[in-house]
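Read through the structure below, which is laid out as structure tokens, and then see the notes.
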Amino acid sequence: MNQKTKNLLKITLPLLLGVFLIWYSLSKVSVAQLLVYAKNADYTWIAFGMFLGLLSHLSRAYRWRFQLDPMGYQVKFGNSVMAIFSAYLINYTIPRAGEVARASILTNYEKVPFEKGFGTIVAERIADMVVMLGIIAVTLFLQFDFIYGFLIQKFNPTKIIVALAVAILLFMLVMYFIKKSSSKIALKIRGFLSGLIEGVLVIFKMKNKWAYIFHTLFIWAMYVLMFYVTSFSIEELHGISAGAILIGFISASFSIAATNGGIGSYPLAVYAAFSIFGIPEEPSIAYGWIMWASQTLVIILCGGLSLIYLPIFNRKKVK
């Protein structure tokens, strides 16, 4: 398979998957039913959720400057904000193209070398991954009894123990293989893990490390909070448990990687998580669509305006 075909598949497969998942979710809850939920929703909470999402994006833009400053680049906050919103919007069309565009924008308008700008984005993703793993760990700790009880109810306890033992054994064998093997796959994984550790340690060596850590935690706190407050927009979800919110948030977060910006996959991921807690299908999927649509609207508006305003904002510098 040539590179051109691979690139084409990277673009078309997530889009096709998104279209299929949209069709599948609408087979569960009709458009007419979704419109009823949208009509009856409390838009005060939806707007509040959008505001919290906007705060997280602005915090991410501000945090990015802490990585660029030690390299000698005092990037304008406006350019940082618009580069991030532009990247988010572009990711809705071509997966991961937004990161390249984001680094390119700084190269064009702030004269930051592309490889340095892209390197900071990779380091940023590592920091976000660590926080996400932390959220998963906290959720497993807080909801251990519930998750354990759910698994026992759905599956045979002996099979669960055997599956865990096999999984741990396979993990140990894989790690041993990665450590000892000189194959290309093992070298790539070792390089990735090494980069992951190095990326985390670099944060603690930064001049503004505590500010960077604060903004990283703030970004994810806003993500979780916007997911929570938006649930108040649907009456059937009032009083939803913290466990459902956390597991729903984790499930929805991973769905964004499945399709472009979570198109189609986001509502189903929310429904899959909420169904564990016995929450009905219709309000779960409706909430997933409202949550996804409201945050997508923020990205479309801010991303579109950013792409238009970037050359205007920097016209003096270009001249």
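Work out how much length Leu187 to Leu169 would gain on full extension: take 0.36 nm times their residue separation and subtract the Cα-Cα distance, in nm to one decimal.
Extending this stretch completely gives an extra 4.4 nm.
Projecting each Cα onto the charge dipole of segment 43-312 (Lys/Arg +1, Asp/Glu -1 at the beta carbon, about the Cα centre), which of Gly78, Phe232, Ala101 comes out farthest on the positive side?
Farthest along the dipole direction, towards plus: Ala101.
Relative contact order, percent, of segment 213-296 when contacts are C-alpha pairs under 8 Å separated by at least 6 residues?
25 percent.
Sum -39500 (n - 2.57) across every DSSP H segment of at least 4 residues in the chain, then divide by the residue count to get the 222 nm mean residue ellipticity, nearest 500.
Here the helix-only value at 222 nm equals -28000 deg cm²/dmol.
Given Lys180/Lys205; Lys116/Lys184; Lys76/Lys207; Lys184/Lys205, which pairs have Cα atoms separated by over 22 Å?
Lys180/Lys205; Lys116/Lys184; Lys184/Lys205
If I model a spin label at Lys39 and Ile94 as a point 7 Å from the Cα along the Cα→Cβ vector, what separation in nanometres do I get?
4.2 nm
From zero outward in steps of 10 Å, how is the percent of C-alpha pairs of the chain spread across the bins?
For the chain, the binned pair fractions read 5, 21, 30, 27, 13, 3, 0, 0 percent.
Suppose every Lys and Arg Cβ carries +1 and every Asp and Glu Cβ carries -1, with no other charges. What dipole size does segment 43-312 come out with about its Cα centre, to the nearest 20 debye?
My answer is approximately 1200 debye.
Considering only the other residues whose Cβ falls under 12 Å of the Cβ of Tyr73, what net charge follows from Lys and Arg at +1 and Asp and Glu at -1?
Net of charged neighbours comes to +2.
May I ask you to derive the FRET efficiency for Trp23 and Lys209 from their Cβ-Cβ distance with R0 = 35 Å, giving the value to the nearest 0.05?
About 0.15, to the nearest 0.05.
For segment 258-308, build the convex hull from the C-alpha positions and give me its volume per residue in Å³.
Output value, Cα hull per residue: 62 Å³.
How big is the gap, in Å, between the Cα center of segment 274-317 and the Cα center of segment 48-85?
17 Å
Roughly what would the spin-label model give for Ala32 and Lys179, points 7 Å off Cα along C-beta, in nm?
6.2 nm
Hey, if you put +1 on the Cβ of every Lys and Arg and -1 on every Asp and Glu Cβ in the chain, which of Ile90, Ala163, Ser30 ends up farthest toward the positive end of that dipole?
Among Ile90, Ala163, Ser30, the one farthest towards the positive end of the dipole of the chain is Ile90.
Any idea what the relative contact order of the chain is, in percent, if you count C-alpha pairs under 8 Å spaced at least 6 apart?
Reported relative contact order: 33 percent.
Fully extended, how many nm does the chain gain between Ala47 and Val131 (0.36 nm per residue separation, minus their Cα-Cα distance)?
27.7 nm
When the chain is treated as a GNM, springs tying every alpha-carbon pair under 10 Å, which of Ser183, Ser306, Ser56 comes out with the largest mean-square fluctuation?
Result for the chain, Cα springs under 10 Å: Ser183 fluctuates most.
Each value in this text was obtained by applying a stated rule to the coordinates, not by laboratory testing. Note that the structure is a prediction, hence the values are computed from the model and not measured. Don't worry about glycine lacking a Cβ; one is built from the backbone with ideal geometry, like all the others, and counts go over all protein chains shown.
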